[in-house]
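Structure, as structure tokens:
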Amino acid sequence: MTFRIDVLTIFPEYLAPLGQSLLGKAAARGLVSVGVHDLRQWTDDVHRTVDDSPYGGGPGMVMRPEPWGRALEAVRPPGTRLVVPTPAGRPFTQAVAAGWATEPGLVFACGRYEGIDQRVADWAAEGGPVSEVSIGDYVLAGGESAVLVMVEAVTRLLPGVVGNAESVEFDSHADGLLEGPSYTRPATWRGREVPPVLLSGDHAAIARWRRAQSLRRTADRRPDLLAGLPDGALTPADRAA
Ligand SMILES: COc1ccc2nc(C(=O)O)sc2c1
């Protein structure tokens, strides 16, 4: 089953990286298909206008609803989730990415200026799920960077995209915790040793050590993740770590 991604933007060249590396290989293998569309195709004036002044006054410009309505009618398969990156969105998380990866595809609407007329998302909700999401507590100039982030997070979870499926399973956030430290050769580098347990061949001890490191790093860097774990996620051994 090919996962279909469509992106609507006034800066299609910004999404060129979607054709590279991991996603490029996945597309070449038919796992993913990507369409990037210039919103101005659906404008209705000689100047190809996509923005206008905000009702009620205020700084900046708002993206007009008409081009978006026509573009979404042309591009969005019925029932497909519409994702609208916005600083006012719900958090985009690994769990959200995992959920979206089980769907047939996604359509992304990249805002610019002060955002898209709210009636577009409200109207689009009549034709399928709409997710207004943010990739973090900072403000970008537009949705394009956020789309690159979200497309990468989602597509790497699709079956067959990442070579070693196990590596996805042990990613940071995959189990709600941060990944612990990783090491490779040489065993000693500039006077620094690799933790001996990793050279011991004792796989049970290595697994315990890695879990303890993951818990310690999460408690230190992201205590909010620990607080958000479901009941029973931490074993007695975890609590003793
Ligand atoms: C106008 O469109 C925007 C502007 C800023 C912005 N910032 C985002 C974020 O996720 O931080 S998404 C997004 C979309």
Test Gly163 against the stated conditions and say whether it is within 13 Å of the ligand (Cβ to nearest atom) and among the small types (Gly, Ala, Ser). no
Which of the residues belonging to the range 1-53 are assigned to a helix (DSSP H, G or I) and buried (at least 16 other Cβ atoms within 10 Å of the Cβ)? Pro12, Tyr14, Leu15, Leu18, Leu23, Ala26, Ala27, Leu39, Trp42
For the condition among the basic types (Lys, Arg) and more than 30 Å from the chain's Cα centre (by Cα), what is the one hit in Arg210, Arg216, Arg190? Arg190
Restricting attention to helices (runs of 4 or more DSSP H) lying wholly within the range 109-201, give those where 3 or more residues are open to solvent by less than 20 Å² (accessible area, probe 1.4 Å). 118-124, 144-155
Let me spell it out: the conditions are (1) over 20 Å from Ile135 (Cβ atoms); (2) touching a helix residue (DSSP H, G or I) at 6+ places or on another chain (Cβ under 7 Å), and Val34 meets all of them except one. Which number is the exception? (1)
Search result, residues across the range 81-92 that are more than 10 Å from the ligand (Cβ to nearest atom) and open to solvent by 20 Å² or more (accessible area, probe 1.4 Å): Arg81, Arg90
I'm trying to understand the selection: among the residues of the range 121-153, which are more than 12 Å from the ligand (Cβ to nearest atom), β-branched (Val, Ile, Thr) and closer than 23 Å to Glu13 by Cβ? Val151
With the condition kept exactly as written, say whether any residue in the range 93-115 is touching a Cys at 6+ places or on another chain (Cβ under 9 Å) and within 16 Å of the ligand (Cβ to nearest atom). no
Tally of residues being within 19 Å of Ala237 (Cα to Cα) and of a type in the set (Gly, Ala, Ser) across the range 188-212: 4
Would you be able to say whether some residue in the range 168-178 is modelled with pLDDT under 95, farther than 27 Å from Pro12 by Cβ and in contact with an Asp or Glu (Cβ under 6 Å, 6 or more places away or on another chain)? yes
Being open to solvent by 60 Å² or more (accessible area, probe 1.4 Å), not small (Gly, Ala, Ser) and not in a loop (DSSP other than H, G, I, E, B) is the filter here, so list the residues in the range 222-241 that pass it. Pro223, Asp224, Pro236, Arg239
For the range 59-70, which positions are within 16 Å of the ligand (Cβ to nearest atom) and surrounded by 14 or more Cβ atoms within 10 Å (Cβ to Cβ)? Met61, Val62, Met63, Arg64, Pro65, Pro67, Trp68
It is to be established whether one or more residues within the range 203-221 are assigned to a loop (DSSP other than H, G, I, E, B), open to solvent by 40 Å² or more (accessible area, probe 1.4 Å) and not acidic (Asp, Glu). no
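The values are calculated or read from the model by the stated rules, or taken from the named source; none is laboratory data. Not measured: the values here are computed from a predicted model. When we count neighbours, we look across all protein chains shown, and the Cβ atoms used for this are built from the backbone with ideal geometry, even at glycine. The protein model used for the area step is the full one, side chains on, heavy atoms only, and it has no ligands, DNA or RNA in it. Shrake-Rupley method; radii C 1.70, N 1.55, O 1.52, S 1.80 Å.
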